[in-house]
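The block underneath contains the structure these notes are about, expressed in structure tokens.
The values are calculated or read from the model by the stated rules, or taken from the named source; none is laboratory data. Note that the structure is a prediction, hence the values are computed from the model and not measured. We place every Cβ from the backbone using ideal geometry, glycine too, and count neighbours over all the protein chains shown.
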Amino acid sequence: MKGYIYTMFKGADPSMGWDMTDPIFTKVPTMGACRPDIRRAVERGDYIFSVSGRIVNVKPHIVGAFSVDDKINSLAAFDRFPENRMEVDQEGKFHGNIIFDKNGNHLPFDYHTNHDRRIDNYIIGKDAIFFDAEEEIKKAKEETVAVLNDIFGKNEEKVHKILGRWRKMDSAQVNDLLSWMNRIKAID
């Protein structure tokens, strides 16, 4: 088992009102549009961790994680997860992480580039853990930098200095981060 941890793009912080479109931490967690490099690299049993994107004067935090259960292409995902087909609501907000139509054409309103690299490796996860309660998010914001410094043997003040845009994790690092996340979930 290994893992990958990455920071989401600037402004992508669900605690600040941003709607999570990818990954989606529902009953069956999925990841289908962002980070084709990580989606290509993971294997069944690996973990993917997401960290909120940068916002001025807001502490980033680990948002969630899940274990990879399977990888399919977006056309199979289109049939299997109709609730994850990307749509734009009346307020202009995006929902869903399947950015292709049933024929494999990229949706014109999706903002991702390099579409040919994104159609494969739609991730189906299991065992999701994510912070959604106010107290969990508060605790995660307070502790994320310290926990990541400890896990990666760093002494930095900012997440991006610890991780860069993403980082590979060994099984001990994955287990340490999952243990920390489970401790926070147990606070409720």
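Considering the range 151-178 alone, what residues qualify as being more than 23 Å from Lys10 (Cβ to Cβ) and free of Cβ contacts under 8 Å to residues at least 40 places away in the same chain?
Ile151, Gly153, Asn155, Ala172, Asn175, Asp176
Could you say which residue among Glu143, Glu136 is in contact (Cβ under 8 Å) with a residue 24 or more places away in the chain and either touching a helix residue (DSSP H, G or I) at 6+ places or on another chain (Cβ under 6 Å) or of a type in the set (Phe, Trp, Tyr) (or both)?
Glu136
Read through the list (1) exposed (fewer than 15 other Cβ atoms within 10 Å of the Cβ); (2) modelled with pLDDT of 95 or more; (3) of a type in the set (A, V, I, L, M); (4) within 22 Å of Gly32 (Cβ to Cβ), then give the number of the only condition that Ile124 fails.
Ile124 satisfies all of (1) exposed (fewer than 15 other Cβ atoms within 10 Å of the Cβ); (2) modelled with pLDDT of 95 or more; (3) of a type in the set (A, V, I, L, M); (4) within 22 Å of Gly32 (Cβ to Cβ) except (1).
Quick test of your reading of the structure: Trp180 fulfils all but one of (1) among the aromatic types (Phe, Trp, Tyr); (2) assigned to a loop (DSSP other than H, G, I, E, B); (3) closer than 28 Å to Gly45 by Cβ. Name the failing condition by number.
It is condition (2) that Trp180 fails.
For the range 41-82: of the residues being of a type in the set (D, E, K, R) and touching a strand residue (DSSP E or B) at 6+ places or on another chain (Cβ under 9 Å), which is nearest to Met16 (Cα to Cα)?
This residue is Arg54.
I'm trying to understand the selection: among the residues of the range 153-175, which are touching a helix residue (DSSP H, G or I) at 6+ places or on another chain (Cβ under 9 Å), surrounded by 15 or more Cβ atoms within 10 Å (Cβ to Cβ) and in a helix (DSSP H, G or I)?
Val159, Ile162, Leu163, Gln173
Output yes when any residue across the range 61-80 is over 22 Å from Glu135 (Cβ atoms) and modelled with pLDDT under 85, and no when none is.
There is no residue in the range 61-80 that is over 22 Å from Glu135 (Cβ atoms) and modelled with pLDDT under 85.
Starting from the range 45-62, keep only residues that are of a type in the set (S, T, N, Q), then list their pairs with residues that are outside any loop (DSSP other than H, G, I, E, B) and surrounded by 17 or more Cβ atoms within 10 Å (Cβ to Cβ) whose Cβ atoms are within a distance under 6 Å, requiring at least 6 positions of separation or different chains.
What qualifies is Ser50/Val63; Ser50/Gly64; Ser52/Val63.
Would you pick out the residues in the range 54-75 that are surrounded by fewer than 20 Cβ atoms within 10 Å (Cβ to Cβ), touching an Asp or Glu at 6+ places or on another chain (Cβ under 7 Å) and not β-branched (Val, Ile, Thr)?
Answer for the range 54-75, where residues must be surrounded by fewer than 20 Cβ atoms within 10 Å (Cβ to Cβ), touching an Asp or Glu at 6+ places or on another chain (Cβ under 7 Å) and not β-branched (Val, Ile, Thr): just Asn73.
Out of all the residues in the range 86-117, which are buried (at least 20 other Cβ atoms within 10 Å of the Cβ) and not aliphatic (A, V, I, L, M)?
Selection gives Gly96, Asn97, Phe100.
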